[in-house]
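Taking it in order: structure first as structure tokens, then the write-up.
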Amino acid sequence: MRVAPGIDIDESELREHFVRASGPGGQNVNKVATAVQLRFDVAHSPSLPAAVRQRLIHLAGRRVTKDGELLIEAKRFRTQEKNRADARERLARLVARAAEPPPPPRRKTRPSKAAKARRVEAKRKHKQIKHLRKPPKLTE
């Protein structure tokens, strides 16, 4: 299963377990196991580079067990097939987000002397405009 450029997850690394779902479905909900629990062992997966593995564990948060297994539950739809596809797509999106390298840290910059001068000049002009709006003082 291709999840990101250069990252393929082998089907044997995914484990699916079907359980009964709550929600819409009428009486069918009590009889048929349509919800999917997709498990992917992030910590021991040979498909993921180390950096992606660490970012994925961080991104997944509470969905990762203590053993390093990612658990995705899909029960949005009434059919097993749709829930299965939904779970796999959510896994692919999560891994794709983890595969993106983080942005470089922001480097602090200071305004140049000319920029400071322009700012002060703009403030001076604005002050002058406001000063001209005032009515003239009457002297007695």
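Assess whether E73 counts as being part of a helix (DSSP H, G or I) and either loosely packed, with under 13 Cβ neighbours inside 10 Å or modelled with pLDDT of 85 or more (or both). When the stated conditions are applied, E73 does not pass them. Residue under question is R93, and the condition is that it be touching a Leu at 6+ places or on another chain (Cβ under 8 Å), closer than 15 Å to F40 by Cβ, among the charged types (D, E, K, R) and not in a strand (DSSP E or B); does it hold? It is false that R93 is touching a Leu at 6+ places or on another chain (Cβ under 8 Å), closer than 15 Å to F40 by Cβ, among the charged types (D, E, K, R) and not in a strand (DSSP E or B). Selection of segment 55-87 for residues being among the aliphatic types (A, V, I, L, M) and without any contact (Cβ under 8 Å) to a residue 40 or more places away in the chain yields I57, L59, A60, V64, L70, L71, I72, A74, A85.
Quick one: in segment 76-125, which of the residues that are among the β-branched types (V, I, T) and surrounded by 11 or more Cβ atoms within 10 Å (Cβ to Cβ) is farthest from R39 (Cα to Cα)?
Kept after step one, since they are among the β-branched types (V, I, T), are these residues of segment 76-125: 79, 95, 109, 120.
Next, only the ones that are surrounded by 11 or more Cβ atoms within 10 Å (Cβ to Cβ) stay: 79, 95.
Details: T79: 19, V95: 13 Å.
The qualifying residue farthest from R39 (Cα to Cα) is T79.
On the stretch given as segment 33-70, residues that are over 16 Å from D8 (Cβ atoms), in contact with a helix residue (DSSP H, G or I) (Cβ under 9 Å, 6 or more places away or on another chain) and in a strand (DSSP E or B) total 6. Of all the numbered requirements in (1) closer than 16 Å to I9 by Cα; (2) of a type in the set (A, V, I, L, M); (3) surrounded by fewer than 10 Cβ atoms within 10 Å (Cβ to Cβ), L132 misses one, and that requirement is (1).
The values are calculated or read from the model by the stated rules, or taken from the named source; none is laboratory data. Note that the structure is a prediction, hence the values are computed from the model and not measured. Positions of Cβ are backbone-derived with ideal geometry, glycine not excepted, and every protein chain shown enters the neighbour counts.
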